[in-house]
Amino acid sequence: MNEDQRKFGQQIKTEDPADKKSEKDYSKYFQSVYIPPSLKDAKKRGKEEIKYHKDFTIDEQFRGLGNGKKFYIRTYGCQMNEHDTEVMAGIFSALGYEATDTTEDADVILLNTCAIRENAENKVFGELGHLKHLKRDNPELLIGVCGCMSQEESVVNKILKSYQNVDMIFGTHNIHRLPNILADAYMSKAMVVEVWSKEGDVIENLPRVRRGNIKGWVNIMYGCDKFCTYCIVPYTRGKERSRRPEEIIQEVRQLAAHGYQEVTLLGQNVNAYGKDFEDLEYGLGDLMDELRKIDIPRVRFTTSHPRDFDDHLIEVLAQKGNLVEHIHLPVQSGSTEVLKIMARKYTREQFLELVRKIKVAMPDVALSTDIIVGYPNETDEQFEETLSMYREVGFEHAYTFIYSPREGTPAAKMTDNVPMEVKKERLQRLNDVVNEFSAEALKKYEGKVVEVLVDGESKKNENVLAGYTRRNKLVNFEGPKEVIGNIVKVKITDAKSWSLFGEFIEVGQIGSEFEEAVEVK
Ligand code: 5AD
Ligand code: SF4
């Protein structure tokens, strides 16, 4: 048993070695592991120092493992999962596998899952059901479950019991172990389960196959220590660990050199960036200040926690340049009482004060947010406060959710007197306000010329191109396909409810969309 296994779990034999056919198989048998998750361990935040590994390599014994084989990864949930999928695709390629975009063609299928709400989990179980027939047609097929759901005991138990077609389950801290896990799964008749629950390290130099060459994700930190009472993420993603600034800066420079037009810095709580450095006073503001000087047209970041959003960051963002005028700032509720029960650690007034400071420094900022309705025992008055907060801030977009209990979190233990029907009504009422504000924000664009980073053809019509403005507004327009991947000027002719429509003018940058100051209360 190696040091890591001792730290994270017990290695258990999953089958009788006598079953193995050859000497070679027999030696590999001992790699077969059953390390299940533990939410209890995942909750711990030890004092152990974070280890940085810079030397990731594919072990010689695994080279060629995937020769002649194809892999397929389906990604659910947030951008962090998209990022992890790119890393896993990189590992697959390094092992000799080829990518495919159909499950029927694949020799290995991975579901990179999301645990944030119950319906996200149900989609995955539905998909595992659909995949059963593929396994019948091709018994050699390997099916794996990874991502946040695999960090939950209840999910692993359910898969062990009811989804025998799954060959491997591995956790968010075990991605770099994919070669070993695949080798184990090929050799083992039993399901290979390897989920480290506690903490985790930072591993650099992982191979990576990025999706597209226009926009790139750059992870700046892993994990979350906030423990909002409803949220499963601190359990599934471990403690906060920041990547070193020099690694991030180098990655962004490389993307710029390869012609990428935009990077999005990723983390569950990017505003806590650097808090875990013991040898360095360095935060997100410092990092953005460095990235500002790199010759890449746009830099975004997500997702923010209002609590750690400091003045230095605001000051740096206000200098604009390649730092765009859009901030996603999840508020979750407009009621101080509910925020307290959620353990968000700010009040309604503190949030409004933060918004005021941001708007003073960046009058043309577009703010978007996340909101949960129907928190256990949320009263009508408390919900009304969320509506009034939305109006007061003037958010331009929001992701809205009905609270979903997550096993193992404190909120899941609370009794709840709000009927589902009331929660649904509240969601509808909130969405009406969200739509109203979104339409109003888009209306202001009519007649304006804005810069659009062209992503590709529109999903609905291949003769129309689509892309986003700096303030993250979706723009559709007719234009030459050669401009895909460029920043272009577009004159907005029509504001629809969720997007803008415009006329292509020429390739070129403009900068901010609205220079005039908005009214700051
Ligand atoms: N129920 C509903 N929504 C949730 N979110 C996180 N956990 C839950 C939950 N248990 C929402 C929050 C968060 C977003 C990513 O998902 O609004 O900001
Ligand atoms: Fe979840 Fe709160 Fe951490 Fe966001 S800050 S990932 S909502 S615990």
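Annotations
- Relative packing of peptides 49-61, 352-364 - highest average C-beta neighbours within 10 Å first: 352-364, 49-61
- Estimated distance in nm for a label pair at Thr57 and Ala190, the labels positioned 7 Å out from Cα along Cα-to-Cβ: 3.3
- Linear extension gain, Glu290 paired with Asp494, 0.36 nm per residue minus alpha-carbon span: 69.7 nm
- Selected from Ser497, Val454, Pro480, residue furthest toward positive end of dipole (segment 449-518; charges at beta carbon): Ser497
- Dipole moment magnitude, nearest 20 debye, the chain about Cα centre, only Lys, Arg, Asp, Glu C-beta charged: 780
- Over segment 220-376: Rg over Rh, Cα atoms, Kirkwood Rh: 0.97
- In angstrom, the C-alpha Rg and Dmax of the chain are 24.0, 76.
- With Cα atoms defining each centre, segment 337-352 and segment 286-329 are spaced 24 Å apart in the structure.
- For segment 41-80, the alpha carbon convex hull comes to 195 Å³ per residue, rounded to a whole number.
- Computed log10 I(q)/I(0) for segment 51-163 at 0.16, 0.20, 0.21 Å⁻¹: -0.82, -1.17, -1.24, from the Debye equation with unit scatterers placed on every C-alpha and solvent omitted.
- Whole-Å distance, taken between Cα centres, linking segment 142-168 and segment 366-391: 35
- Projecting label points 7 angstrom from Cα along Cα→Cβ for Asp279 and Asn213 puts them 3.7 nm apart.
- Size-normalised alpha-carbon gyration radius of segment 97-215, reference 2.2 N^0.38 Å: 1.08
- Listed values for segment 416-423 are Karplus-derived 3J(HN,Hα) couplings in whole Hz (6.51 cos²θ - 1.76 cosθ + 1.60, θ = phi - 60°), namely 9, 9, 9, x, 4, 4, 5, 4, and x replaces Gly and Pro.
- Here's how it looks for Ile510: its modeled amide H is under 5 Å from those of Glu451, which are all 5 or more places away or on a different chain.
- Order of Tyr34, Tyr230 - criterion: other Cβ atoms within 10 Å of each residue's Cβ, fewest first: Tyr34, Tyr230
- Cα gyration tensor shape of segment 243-333, rounded if a/c is under 1.5, else prolate or oblate by comparing a/b with b/c: oblate
- Phi to ³J(HN,Hα) by Karplus 6.51 cos²θ - 1.76 cosθ + 1.60 over segment 346-363, Hz, x for Gly, Pro: 8, 9, 4, 5, 5, 5, 4, 5, 4, 4, 4, 4, 4, 6, 5, 6, 9, x
- The Cys residues in the chain with no partner Cys Cβ within less than 4.7 Å of their Cβ are Cys78, Cys114, Cys146, Cys148, Cys224.
- Close amide H contacts of Val373 (hydrogens built in the peptide plane, cut-off under 5 Å, sequence separation of 5 or more or a different chain): Phe401, Ile402, Tyr403.
- Calculated log₁₀ intensity ratio I(q)/I(0) where the Debye formula runs over C-alpha points of segment 452-501, q = 0.17, 0.32 Å⁻¹: -0.41, -1.44
- Distance between the 7 Å Cα→Cβ label points at Lys345 and Asn377: 2.3 nm.
- Listed residues Ala185, Asn322, Tyr222: farthest to the positive end of the dipole of the chain (Cβ charges): Ala185
- Charge dipole (Cα centre; +1 on Lys/Arg Cβ, -1 on Asp/Glu Cβ; no other charges) of segment 279-428 amounts to roughly 260 debye.
- Between His312 and Glu506, the FRET efficiency estimated from the beta carbon spacing at R0 = 51 angstrom works out to 0.85.
- 0 to 90° range, to nearest 10: angle between helix 380-393 axis and the chain longest Cα axis: 70
- Ranked Asp184, Asp494, criterion: other C-beta atoms within 10 Å, fewest first: Asp494, Asp184
- Efficiency of FRET between Lys320 and Asn122 - r from beta-carbon atoms, R0 41 angstrom, step 0.05: 0.45
- CD proxy at 222 nm, helix term only [per DSSP H run n ≥ 4: -39500 (n - 2.57); per residue of the chain; nearest 500]: -9500 deg cm²/dmol
- Taking every DSSP beta bridge that has both ends in the chain, the antiparallel portion is near 30%.
Readers should treat all values here as calculations from the given coordinates under stated rules, not as data from a laboratory. As the structure is a prediction and not an experimental result, all values here were calculated from the model. Note that each Cβ is placed from the backbone with ideal geometry, even for glycine, and that neighbours are counted across all protein chains shown.
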